[in-house]
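Let me begin by presenting the structure, written as structure tokens, before commenting on it.
The values are calculated or read from the model by the stated rules, or taken from the named source; none is laboratory data. Bear in mind the structure is a predicted one, so any value in this text is a computation, not a measurement. Cβ placement follows ideal geometry from the backbone for every residue including glycine, while neighbour counts extend to all protein chains displayed.
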Amino acid sequence: VTDVLDHVLGQSRAVGELRRHLAHPSHAYLFVGPPGSGLREALVGFAAGLQCENAGCGNCESCRLVLSGADTDVVFVERRGLSWSVDELREAERVGRRRPLGRGYLVVVLENIEFAAAGQSPAMTVLLKSLEDPPARTIYLLTAEEVPSVLSTIESRCVRVNFGPLSDEAVARYLQQDGVDEERSLQVASAASGNLRRAQILVRDHDMEQRLAFWRSVPERLDGTNARAVALTGEILSLVETALEPLVALQEQELAQLKENATAMGQRSLPRRDEIEAGFKREQRRFRIDDLRFGLATLTNVYQERLHSGLETTPPTSRSLERAQGAVTAIEEIAKASRSFSQNVNETLQLTDLFVSLSQS
Ligand SMILES: [Zn+2]
């Protein structure tokens, strides 16, 4: 028997718990797991299971409506900024008060609820109020990558379902079913560290080796001039631009699939299209930052090798000690830059500054 929760990869324990809850669901759930561990798939599958009269058969009208994003009783509340605003959470509360239009439940979804934690007590109060006493046919589905202690009251009002990072075998098997050969699937799975989404991007990324080689060559290319620091920054940012292409291609493929599903369900246009596209943009910004951090980690390795070779020189010379000291300073500078990368930092300035200071160490 296949059903809507069968599509959730490698999370049999979480899926088992969710299946048990379908018959008598609680009023709020908190799905917790790292990126790419299948939270979204589990959430949509569970929502379909809630609406279906056969516990999520995957074939009936109710299931297909939820899976294609066309069920008007499954409402994704959209987060527009970096953190949840009071207005957005009020909107969630307002939505949660209305009656479902169909015979099933009204399902209100808030993804990445950890972004309500940024010291915004008014937002938190609104969210707590929604979860305290929702109408009988309303169910809240929340997700979070992690649950900071400020969210413990929110957590205490939900059934928590944990998702772990996927095993390399599960990711490799998935890629193989997608037509990737065994050797490459194992290689990509191990580089993706349990994140299926990252694996799907990496398997399409044929320039990763070249990008890492470039990062490794940065120390020897620096010549102490600002002009060189600026030039290297430009080259790296254009490599990151290229690195985005596989992600953009994957997103386009997903959008086409969603449109096809919507057409098959008789929809004239794709429901929630703006939200989907905003989500894609967020994912791209995040990917850029992750890729830059990955590059900085590679650069750190180069200086760590320098540090070790400086310390291993026997007997130590003033030249080798100086080299080791320079490497320590460089590693600290890189760590500082890596921490400061966030969605609203000026990447060009940040990288140029880093390269200028590395020229001096
Ligand atoms: Zn069904």
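A compact table of results
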item: Checklist (1) in a strand (DSSP E or B); (2) within 13 Å of the ligand (Cβ to nearest atom) applied to ALA48, failing item; result: (1)
item: Options PRO35, PRO25: the member that is more than 11 Å from the ligand (Cβ to nearest atom) and under 25 Å from the mean Cα position of the chain (by Cα); result: PRO35
item: Identity of the residue in region 255-276, under 20 Å from the mean Cα position of the chain (by Cα) and surrounded by 13 or more Cβ atoms within 10 Å (Cβ to Cβ), that ends up farthest from LEU202 (Cα to Cα); result: ARG272
item: Subset tally (residues that are closer than 14 Å to GLY10 by Cβ and buried (at least 18 other Cβ atoms within 10 Å of the Cβ)) for region 174-184; result: 2
item: Scan of region 1-44 for residues that are in a loop (DSSP other than H, G, I, E, B), surrounded by 15 or more Cβ atoms within 10 Å (Cβ to Cβ) and without any contact (Cβ under 8 Å) to a residue 40 or more places away in the chain, ordered by number; result: VAL8, LEU22
item: Positions within region 69-99 being surrounded by fewer than 23 Cβ atoms within 10 Å (Cβ to Cβ) and either part of a strand (DSSP E or B) or within 13 Å of the ligand (Cβ to nearest atom) (or both), in sequence order; result: VAL75, PHE76
item: Enumeration of residues in region 1-22 that are of a type in the set (D, E, K, R) and within 16 Å of the ligand (Cβ to nearest atom); result: ASP3, ASP6, ARG19
item: Some residue of region 51-61 being surrounded by 16 or more Cβ atoms within 10 Å (Cβ to Cβ), at pLDDT 90 or above and either more than 18 Å from ASN261 (Cβ to Cβ) or of a type in the set (S, T, N, Q) (or both); result: yes
item: Condition check for SER62: within 16 Å of the ligand (Cβ to nearest atom), within 23 Å of GLY279 (Cα to Cα), touching a residue at least 12 places away in the same chain (Cβ under 8 Å) and polar (S, T, N, Q); result: no
item: Flag for GLN325 being at pLDDT below 95 and either in a loop (DSSP other than H, G, I, E, B) or closer than 30 Å to LYS281 by Cα (or both); result: no
